Amino acid sequence: MSRLQTLISVITKVIIQQRTMYADHTHQSVCLWQQPRVSWQSIFYQELLCATLLYRLAPAAKRIVQLHFVQQKNRPKYAHWYLFMVGAKPAVQGRGLATGLIQPVLQHCDQQGISAYLECSKETISFYLRFGFRVFKEAKIKNELTLYSMLRAPGQTQERI
């Protein structure tokens, strides 16, 4: 295993340990959520360390470090669930598998009176609007990437999915 593969493996373990992971029964889609009770400071320092290591290995990783600071700045300062990542293999996209992974956490948010937060690209905004998320901030990273911060208040009505 190369140094880069080893590093990626370690980073993945750190990220997964700090988040709640859901996968569909076929393991074709996955969703990572950050729970409100997890310390943001400990995650910040772990992720900063990982990003710094990546930066030393690959100059292109500088964008990862910049992105991380934008994310930290835009995140709500109160308790919330954070949708870190959701994805499905291309062959099963559009079948509702990712939706099935997102909805139970949003129902839990509604029951507990807790907001949900995420960042996304322009191309995926419409997907998250269906769940009641709303764009509240837009951040450009060196004119290369625009990151949209979205928030969903507890009990936010969801569009029909």
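The values are calculated or read from the model by the stated rules, or taken from the named source; none is laboratory data. Quantities reported herein were computed from a predicted structural model and do not represent experimental measurements. Virtual Cβ from ideal backbone geometry, glycine too; neighbours counted across all protein chains shown. In case anyone asks, the SASA skips ligands and DNA or RNA and just uses the protein heavy atoms, side chains included. Shrake-Rupley method; radii C 1.70, N 1.55, O 1.52, S 1.80 Å.
A Förster radius of 41 Å combined with the Cβ-Cβ distance from residue 138 to residue 25 puts the calculated FRET efficiency at roughly 0.65.
Using a cut-off of 19 Å between Cα atoms, the listed pairs 122/142; 73/137; 73/142; 77/142; 89/137 include 77/142; 89/137 as exceeding that distance.
Computed with a 1.4 Å probe over protein heavy atoms only, the accessible area of residue 138 comes to about 110 Å². Fully extending the segment from residue 93 to residue 73 would add 4.1 nm, taking 0.36 nm per residue of separation and subtracting the current Cα-Cα distance.
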